[in-house]
Amino acid sequence: VDPGNFKTCEQSSFCRRSRKIQGSGSKYALIPGTLNTYADSLTADLVNKENHHQFAFKLEALEGSTFRLQIDEKQPLRPRYRVEHALKGPTQAGRIRVQRETDGEIVITSEKNKAVIHGDPFRIDFFENDVLVVSVNAKNWLYFEHLRQKAQEQTFHPPENENQQEQDAAVETPKAADTIDDPGAWEENFKSHHDSKPYGPEAVALDFSFPAAKVLFGIPEHADSFILKSTSGTDPYRLYNLDVFEYIVDSKMALYGSVPVIYGHGAQRTAGVYWQNAAETWVDIQTSETNVVSSLVNFVSGSQKTPPPAAHFMSESGIVDAFIMLGPKPMDAFKQYAALTGTHELPQLFALAYHQSRWNYNDERDVTSVSAKFDEYNIPMDTMWLDIEHTDGKRYFTWDKFKFPHPLAMIKNLTELGRHLVVIVDPHIKRDNNYFFHRDCTDRGYYVKTREGNDYEGWCWPGAASYPDFFNPVVREYYASQYALDKFQTVTADVMLWNDMNEPSVFNGPEITAPKDLIHFGNWEHRDVHNLYGHMHLMGSFAGLQQRDPNQRPFILTRAHFAGSQRYAAIWTGDNFADWSHLQHSVKMCLTEAVAGFSFCGADVGAFFGNPDTELLERWYQAGAFLPFFRAHAHIDTKRREPWLFPERTRQVIQNAVIKRYSYLPLWYTAFYELELTGEPVIRPLLAHYPLDKEAFGVDSQLLVQDRLLVRPVMQQGVSKVDVYFPAIDDKKNSDWWYDVDTYQRQERSGYVSVPVDDFKIPVWQRGGSIVPKKERQRRASTLMLHDPYTLIICLDRQGKAAGSLYLDDEKSYAYRQGQRIHVNYEFAHDQLVNSFVGKPKYKTLAWIERIVIAGLEKVPSSASITVNGVSQQLEVLQHDNTVVVRKPGVKMDVDFAIKLNFA
Amino acid sequence: SEVPRPLGVPLAKASLYQPRAGENSWTCLDGSRTIPFSHINDDYCDCADGSDEPGTAACPQGQFHCVNKGHQPVNIPSSQVQDGICDCCDGSDESETVGCPNTCLELGAAAAVQRRNAAELHKRGAERRQEMISRGKQMKAEREARRLELDQRRKEQELLRAEKEQLKQNAEALEAEAIEIFKEQQREVDADTAQAELEPQQMRQEASLTFVRYDTNKDGFVEVTELMVDMNLDRDRNGVVTVEEAKYFLDERERVDLDAFVTLAWPRIKSLQMLAEGLFQPPQPEEVTQQAEVTTEAIQPTPPKLSEEQAELAGDDDIEADEEGEEDQYDDEEPDVGVGEASPDVEDATPPNYDPETQRLIQQANEARNALEEVERSLREIQQEVNEIDEQNNKGYGLTEEWAVHDGQCYNFEDREYVYTLCPFDRASQKSRSGGPETTLGRWDKWSGEPKQYSQQKYTNGAACWNGPNRSAIINISCALEPKVTAVSEPNRCEYYFEFETPAACDSEAYQSESENLHDEL
């Protein structure tokens, strides 16, 4: 991509202005005597001491060690935008107690947390168990541009503004010091595009320091390392949903999604800040680690103390609305964020299996024959995808009648084999008067408007296109209704959805997106809501699928996303390129997304652009098999890459990786249920479970699946070994035991270990102390595995113990929410395996336990006995590689049992 | 055939599934383990090779045998056993609760009908094929006869050429002498002569340098093959300098010596070379430098390797310009850049006013030259025809010449957007129905069927795709009573597949024996 198509901070007026404050600082103070305290919150007035503009400040305590801080203008000229629909629902109020109120300092507590509010200069310190974890405005970089009248009043005003003007007269006239002389304050140009900026400057910015942290991470989506880098001397990280093709890696440039949540992590404490703002946002990062200048200064001055890591959020409009999540452990902070914005709900199992996509499968015959080839080569595959070419001229909800004359028959061909189809539905609507959707939107005024009140017209795949205003609930309802099967008659309830291009992508727009002065429902400017556009699109889509079939869990894949979009859709990392660095970044990016709520993340396997060689393709399949969303996809100009088009060995490597994925589906499915239940990410960085190990903080070529598997995909060309980091559980370099899942060879020490790899090897270890459920029978699709028996893999820890859970249900419907489910914990100790159900196991299943594999036993048992309902039975025990296998316990999944190993 | 055996075991392996005598045990077929006989098909995988579970899905690598009585038996992977989908027509891969209907009799009957129809088609098609074979053999015989005749004529003409060559040399000797005398007389008279002679000299020098460059094998002759590496000479811009193209520059000869090169070849080549130098100037400065380097080197005697590089370079440029149907536009422009117009320019020097005797000798020499030229032209024509015949013989018209009649024919297929044309043994092409130029999808390359060679043809080196490879086409061939293209698709970008039917592919006997083989195997 050409970075010149996208703005730098210097080219963005508000970023320039907000960043300038870092040089001078600002002067904000609470106004004495304005403090009000309530059961869960306090309010006060805040003043900018330079221009005397007043602000309303509110601090709320929420349940679960979280505070919410809001700052708005006390009397804005017009309302300022407050983000809607990002939170999963109303917040749960906590309780506060005012501990101390002195001149200029208020101390409140909430459970074991404490907030100290300093009046002048304004600043808030948050303590978790008396440790300072987050300081707000410690640097005095708070910057709040109040709304104002444009200096030259003689400019033309539309008549409807007259009332407004009268009101304005009542408001205090701004002081002389209160001018913003940046040339971009009232209008701005970028390339050939003009932004009219009728409301002038309205930026908000605030700094957050993390005194207990060593590193910062979060704020996806960027093609960068998991740990955020210092932005000293570079542009800030940018959050602005943009359609970027062949994006640059190791870059702070904005991509398709924006999730303004950041975490600070140190060995003792982890805390997070969710900056709830949907306008364009830039984030400066200050960290000691990579900031050469500051370390040099410290060296010269002899000072050992470096300033704590800090983030400066700068948004173009809206209000200050920040959630401070106090941890104290990484998983606590992730769960606190999930408590605010929600989780992906448990997907249908097929969505976790392998997806086969391409832009485009040419016609019905192509789709059917690709599906048949997977069976011919005995490679499992669940879902075929159709990109934009399946439509009649990029008119979504229609089909190309020539290439796809019988969509229902084609879909039946797939569903009869247990497979699914996903079709693309993008938000750009072809401006064609013969297209019903366009006619409806035009007639009913459903499109996003220009400043002049006309339907905005941009350019995208169909040519001239307009964009439904999904911020309008009526539009969302209309959109959702289009998915009803009596409307969209050419699909079935088994056909799921891909929402692409929803940043929105506008080929001829500024930075390939919509102009900021467009007008949305509620008279908000696009500027205020840009990063939420895709999110609102998804709300419509999700409602559509739920209404279409209320008892089937929707599956949607989206490219654009905002905080909370995880409740509706899975994401992928967009238009990547077939080289090794993009493969590496697929893991880094999904790790960051996972801690920002998007566990259901993956990258195009084989890459969207370019033609991967066989080695890169093989390795990509192997890495993809251990990321939550596993889809091969390719650009229309690339060579076909279905697995059988490559030499036999490559095909086998791919088949191997896919089969491995399928064997672990019970673990993935359980992990997604537990995500919905607890908010714990499905994939996790090492620091999530090894917070004390400083060396593990920056390891982003490895991931954990829950706390059970450690995955280190091979992501370098031509290597015969990889260096794997085994994390320490304490500061004495003690480590968990880790068992290679292929050989059950054990790693017992922390630190880097060089591990040999061949073509087929996916370096994966199971943690000693864990139990992993698997299904080791092969099927052509995951839906056909429903009744297949389970294998339990028990890897023992140093004490000879292990524990793990399994979740199962019908893998498709919402019946699980009515209790039709089995959630079971397995525990192995003292040579005995027992289960215990979480709740009553009400789902009726035919599945049973096929075998139990135990690694780490010191002696080989002679036999085993299983006891069910007081009746015991002998089981055969076999030795296999480095494990002991208990043959065919045969017990059903919803039955209590105990299996005891017998030693002769 | 009702030998008792475990579910999923083919009849041929029934004997392998017996308990060991006297014991109730059984050894995996790979010998890896011995297990209780009751463990066979007990829905648990005990053998590494999967042999203990032929009738269940327990072993990942296993095979299930469907008997499919009334139809064809098949093996399916064990991953498809008991998965709720009826794969065997006798329903034996699923438990009774799934309720798979037994459709083998219907399918078997339908397959039999299909086989009969196909056999009938092959039989009738084979009759037509027989006609094609006779015609093809006849054509081949004609070609061979003609070839012999041509060889004979060539021998005659070669003798004649030697004779005419001698006559020409004699006449030219006389002519040269006369002209020398005449020039001697004129030299003092005409002051401009020196000036006038400079130019031919310069031209000769340029020509000589070029000659040396082309004469890569240093045998004192420039041959057709030596010219074929110079992409500047690719007059029709199809990416290849063909023999015909090269020969044009050598005045239709196989090779020329320096003198003939200077007088006959150079005037034709020079204009193209000048054109090429002018044509490949910017847009890309990098290419200009490369081009300039090559040109500089070309002035010195060039090692063969470099001239190949130059050829590639020019070829690459050509392909880039070839995008979509544009090559045809170049074809249209050809007269503008052709040599026809350039040649007169270099021969426009007005002959001096000779005395009658000199003129007579010149006249005689001209006549001798013309006579030789006529013989040589005749030889060239013979050679050309010989080449054509050889080329046809090399194309491979099938084992029995049944394909020969298709050479020279073209078959069209229209879909919604395009008209596709297949001219067997020549090219495949595509033309938009809404007009526009024709795009070459590929030129005849080879037979490429596996394992049956004559079941597929390949056409390669078509027009280049934007951002992609050169187009190519695969022709899948099947039996029918009339030759016809029945479908064209582009499953991979720029790789086209034609379905072509022709009686040439009908072979009743082969079809019979194949279907019998198939039956035997099953």
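The values are calculated or read from the model by the stated rules, or taken from the named source; none is laboratory data. All values reported here derive from a predicted model rather than from experimental measurement. Reconstructed Cβ throughout: ideal geometry from the backbone, glycine too, with neighbour counts over all protein chains shown. Accessible surface is based on the protein model in full, side chains and every heavy atom, while ligands, DNA and RNA are left aside. Shrake-Rupley method; radii C 1.70, N 1.55, O 1.52, S 1.80 Å.
Brief remarks follow.
- Scan of segment A:432-453 for residues that are in contact with a strand residue (DSSP E or B) (Cβ under 8 Å, 6 or more places away or on another chain), of a type in the set (D, E, K, R) and either open to solvent by less than 10 Å² (accessible area, probe 1.4 Å) or in a loop (DSSP other than H, G, I, E, B) (or both), ordered by number: A:Asp432, A:Arg451
- Screening segment A:810-904 for strands (runs of 3 or more DSSP E) wholly inside it with 2 or more residues that are within 14 Å of another protein chain (Cβ to nearest Cβ) returns the ranges A:849-855, A:871-875, A:877-880, A:883-887.
- Scoring B:Asn102 on the criteria (1) within 48 Å of the chain's Cα centre (by Cα); (2) more than 14 Å from chain A (Cβ to nearest Cβ) leaves a single failure, condition (1).
To keep it simple, each residue is scored yes or no on (1) in a loop (DSSP other than H, G, I, E, B); (2) away from chain A (no Cβ under 14 Å); (3) within 28 Å of B:Thr103 (Cα to Cα).
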| position | (1), (2), (3) |
| --- | --- |
| B:Leu7 | yes, yes, yes |
| B:Ala12 | no, yes, yes |
| B:Ala21 | yes, yes, no |
| B:Gly50 | yes, no, no |
| B:Cys59 | yes, no, yes |
| B:Asp83 | yes, no, yes |
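- Filter result (open to solvent by 20 Å² or more (accessible area, probe 1.4 Å) and within 15 Å of the chain's Cα centre (by Cα)) within segment A:540-572: A:Arg567, A:Tyr568
Condition check ((1) of a type in the set (Asp, Glu); (2) assigned to a helix (DSSP H, G or I); (3) surrounded by fewer than 16 Cβ atoms within 10 Å (Cβ to Cβ); (4) at pLDDT 95 or above) across all residues:
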position	(1), (2), (3), (4)
A:Ile262	no, no, no, yes
A:Ala271	no, no, no, yes
A:Tyr274	no, no, no, yes
A:Ala278	no, no, no, yes
A:Asp284	yes, no, no, yes
A:Ser288	no, no, no, no
A:Asn298	no, yes, no, no
A:Thr306	no, no, yes, no
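- When segment A:1-43 is filtered for residues that are within 28 Å of the chain's Cα centre (by Cα) and either in a helix (DSSP H, G or I) or at pLDDT 95 or above (or both), the ones remaining, listed by number, are A:Pro3, A:Gly4, A:Asn5, A:Phe6, A:Lys7, A:Thr8, A:Cys9, A:Ser12, A:Phe14, A:Cys15, A:Ser18, A:Arg19.
- Residue in segment B:432-445 that is modelled with pLDDT of 90 or more, within 17 Å of the chain's Cα centre (by Cα) and in a loop (DSSP other than H, G, I, E, B) present: no
- Among the residues making up segment A:846-874, those that are buried (at least 16 other Cβ atoms within 10 Å of the Cβ) and closer than 21 Å to A:Arg777 by Cα are A:Ala847, A:Trp848, A:Ile849, A:Glu850, A:Arg851, A:Ile852, A:Val853, A:Ile854, A:Ala855.
- One residue from A:Arg619, A:Arg631 being at negative phi, outside any helix (DSSP H, G or I) and more than 14 Å from chain B (Cβ to nearest Cβ): A:Arg631
- Selection status of A:Phe397, more than 14 Å from chain B (Cβ to nearest Cβ) and open to solvent by 10 Å² or more (accessible area, probe 1.4 Å): yes
- The residue that is nearest to the other protein chains (Cβ to nearest Cβ), counting only those in segment A:409-431 that are over 24 Å from A:Glu642 (Cα atoms) and not in a loop (DSSP other than H, G, I, E, B), is A:Lys430.
This table checks each residue for (1) hydroxyl-bearing (Ser, Thr, Tyr); (2) open to solvent by less than 20 Å² (accessible area, probe 1.4 Å); (3) free of Cβ contacts under 8 Å to residues at least 40 places away in the same chain.
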position: A:Phe672; (1), (2), (3): no, yes, no
position: A:Pro681; (1), (2), (3): no, yes, no
position: A:Arg684; (1), (2), (3): no, yes, no
position: A:Asp693; (1), (2), (3): no, yes, no
position: A:Ala696; (1), (2), (3): no, yes, yes
position: A:Leu704; (1), (2), (3): no, yes, yes
position: A:Asp707; (1), (2), (3): no, no, no
position: A:Leu710; (1), (2), (3): no, yes, no
position: A:Asp736; (1), (2), (3): no, no, no
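- The set of residues from segment A:791-804 being open to solvent by 10 Å² or more (accessible area, probe 1.4 Å) and either within 14 Å of chain B (Cβ to nearest Cβ) or in a loop (DSSP other than H, G, I, E, B) (or both) comprises A:Asp797, A:Arg798, A:Gln799, A:Gly800, A:Lys801.
- Selection from segment A:439-461 of residues that are farther than 23 Å from A:Pro510 by Cβ and among the acidic types (Asp, Glu): A:Asp440, A:Asp443
- Of everything in segment A:92-106 that is of a type outside the set (A, V, I, L, M) and surrounded by 12 or more Cβ atoms within 10 Å (Cβ to Cβ), the residue that is nearest to A:Pro32 (Cα to Cα) is A:Gly104.
- Residue count for segment B:354-363, restricted to those that are assigned to a helix (DSSP H, G or I) and surrounded by fewer than 17 Cβ atoms within 10 Å (Cβ to Cβ): 5
- Taken over segment A:319-371, the residue count meeting the criterion of being of a type in the set (Ser, Thr, Tyr) and in contact with a His (Cβ under 7 Å, 6 or more places away or on another chain) is 1.
- A:Glu364 falls short of the stated requirement of being open to solvent by 60 Å² or more (accessible area, probe 1.4 Å), under 30 Å from A:Leu665 (Cβ atoms) and within 14 Å of chain B (Cβ to nearest Cβ).
A quick yes/no check of all residues on (1) part of a helix (DSSP H, G or I); (2) at pLDDT 75 or above:
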| position | (1), (2) |
| --- | --- |
| B:Gln329 | yes, no |
| B:Asp332 | yes, no |
| B:Ser343 | yes, no |
| B:Pro352 | no, no |
| B:Glu381 | yes, yes |
| B:Gln384 | yes, yes |
| B:Glu388 | yes, yes |
| B:Asn394 | yes, yes |
| B:Glu402 | no, yes |
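- Tally of residues being in contact (Cβ under 8 Å) with a residue 60 or more places away in the chain and part of a loop (DSSP other than H, G, I, E, B) across segment B:242-273: 3
- Counting only residues that are open to solvent by less than 40 Å² (accessible area, probe 1.4 Å) and either among the basic types (Lys, Arg) or away from chain B (no Cβ under 12 Å) (or both), segment A:369-380 holds 1 of them.
- If you go through segment B:495-507 and keep only what is surrounded by fewer than 20 Cβ atoms within 10 Å (Cβ to Cβ) and touching a Pro at 6+ places or on another chain (Cβ under 8 Å), you end up with just B:Tyr497.
- Filtered residues of segment B:63-81 (kept if in a loop (DSSP other than H, G, I, E, B) and either within 14 Å of chain A (Cβ to nearest Cβ) or crowded, with 22+ Cβ neighbours inside 10 Å (or both)): B:His71, B:Val81
- Applying the condition of being within 29 Å of the chain's Cα centre (by Cα) and part of a strand (DSSP E or B) to segment A:771-790 and asking which residue is nearest to the other protein chains (Cβ to nearest Cβ) yields A:Lys774.
- Selected residue [more than 20 Å from A:Asp486 (Cβ to Cβ), modelled with pLDDT of 95 or more and more than 14 Å from chain B (Cβ to nearest Cβ)] from A:Thr383, A:Thr391: A:Thr383
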